[in-house]
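The values are calculated or read from the model by the stated rules, or taken from the named source; none is laboratory data. Model, not experiment: these values are computed from the prediction. Counting neighbours? That spans all protein chains shown, and the Cβs are built from the backbone with ideal geometry, glycine included.
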Ligand code: SF4
């Protein structure tokens, strides 16, 4: 992955454990890849919430002393990514509210497609928002008075929100997990001893020695309290499923299992399938680490062509380093990946990655290989071309910046200066997961958006909000981000 689209969040929650905050910390640590800009944990001791959140990576936000003060046997935690404009502590999660129903905390992974509309309606009725994230809308809806008890309030709230969401909700005495009816984002149930755990990915369960019970089903609400776990289906009529296939391609960690399918095996199989569909005579297969590792291995296994880690990744590259002067051209690219030149000299090389989003970085990689003496450079991509943006919580660039939305495969090959370029087919990608195509969202590949959205409506509402409320530059940037999504 060259342009590194970002995910919006990782979730972890635990009920009934004496070290709830500490285990949540480790759970978030395992989910750090799903969000690197802020982290937070809130605990409940049955009467009182204790919250700590901050900007930065999980170990930067929490110290031993902070965790020690987060007392209580119930906890939920969150790691968040946002673009610069919305990177504020006020938007860090979990969000909490103290309302007529008591205290409620929420942590959200995904993106609501009717957020601007709902927010406008709530503001018109007098709601005052503290943040600019759409997760707060859910909190406001849940805090509103309604008939029929708390479970009914939650169901009514879920039936008003649209889009992609996996949620963790904590009340003083409960831990609740929810997946949207399409099941866009993952959420798994685990157990450690007698304690239930909810986590975005199973790699977080592994770290704390929890065993996987099952995934939360699309549209399901699981409520965990002193009586154990009970389940409610909030959308009994919903049949279409739309799990984000990009979780298998890139986002989820390869050591996670989703829908009973190993992400690692799915990625290796994508590489095998790519080799069957788009073979090429070559001497060497090399991945772009780490995103291309599994698919390159599969390509090598299928073809019998040797696999070498010719690009070496520097794992200690932070987000901010001094901007390079003209003295060191390609600094940004080389600082992350360095090439072992003697491995590729005089070789016909196949370089494998999981996607080309903008193409600029990949072009430099191809040139690195040619300058190092590679005789031919063939580029293979283990998913189809990305031609559409994502409105469900993955930070893809605007369509105008998506390479494959604007150029043919031949044009991209020419731009990259590659000897050949080929992508995995949509059918091949689905086949590699071992799951039926009807269960996936593939909108960024085929433009078929399972949940409709109205970018114009969002644009108009947000412009009105800016005019009426006189909100500043930070919100404008936030809105730009909303439009990008
Ligand atoms: Fe995932 Fe792409 Fe669908 Fe977004 S549009 S949810 S990235 S498959």
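For segment 412-427, the criterion of being part of a loop (DSSP other than H, G, I, E, B), within 11 Å of the ligand (Cβ to nearest atom) and farther than 15 Å from residue 278 by Cα is met by none of the residues. For segment 167-174, the count of residues that are within 21 Å of the chain's Cα centre (by Cα) and part of a loop (DSSP other than H, G, I, E, B) is zero.
The condition of being in contact (Cβ under 8 Å) with a residue 24 or more places away in the chain, within 16 Å of the ligand (Cβ to nearest atom) and in a helix (DSSP H, G or I) does not hold for residue 264.
In this entry, residue 422 is excluded by the filter for residues that are modelled with pLDDT of 90 or more and either surrounded by fewer than 15 Cβ atoms within 10 Å (Cβ to Cβ) or under 22 Å from the mean Cα position of the chain (by Cα) (or both). Every condition in (1) touching a strand residue (DSSP E or B) at 6+ places or on another chain (Cβ under 6 Å); (2) part of a strand (DSSP E or B) is met by residue 23 except one, and the failing one is (2). For residue 402, the stated conditions do not hold, so it cannot be described as within 16 Å of the ligand (Cβ to nearest atom), at pLDDT 90 or above, farther than 22 Å from residue 346 by Cβ and buried (at least 19 other Cβ atoms within 10 Å of the Cβ). Residues that are surrounded by 19 or more Cβ atoms within 10 Å (Cβ to Cβ) and not in a strand (DSSP E or B) were ranked within segment 82-109; the one that is modelled with the highest pLDDT is 94. Among strands (runs of 3 or more DSSP E) entirely within segment 329-398, having at least 2 residues that are at pLDDT below 85, surrounded by 21 or more Cβ atoms within 10 Å (Cβ to Cβ) and within 16 Å of the ligand (Cβ to nearest atom) singles out no element at all.
All of 474, 432 fail the test of being in a helix (DSSP H, G or I) and at pLDDT 95 or above, apart from 432.
Here residue 132 fulfils each of the conditions (1) crowded, with 20+ Cβ neighbours inside 10 Å; (2) modelled with pLDDT under 90; (3) outside any loop (DSSP other than H, G, I, E, B) apart from (3). Here's a check for you: in segment 450-464, which residue that is part of a loop (DSSP other than H, G, I, E, B) and over 17 Å from residue 430 (Cα atoms) is modelled with the lowest pLDDT? So the residue we want is 454. Residues in segment 189-213 that are buried (at least 23 other Cβ atoms within 10 Å of the Cβ) and either outside the structural domain of residue 164 (by TED's automatic domain parsing) or within 15 Å of the chain's Cα centre (by Cα) (or both): 199, 200, 201, 202, 204. Checked against (1) within 16 Å of the ligand (Cβ to nearest atom); (2) in a strand (DSSP E or B), residue 33 passes all but condition (2).
Just to be sure, is residue 183 in a helix (DSSP H, G or I) and more than 30 Å from residue 19 (Cβ to Cβ)? Here the answer is no, as residue 183 does not meet what is asked. Of all the criteria given as (1) away from the ligand (no atom under 16 Å from the Cβ); (2) under 26 Å from residue 160 (Cβ atoms); (3) surrounded by fewer than 16 Cβ atoms within 10 Å (Cβ to Cβ), the one not satisfied by residue 240 is (1).
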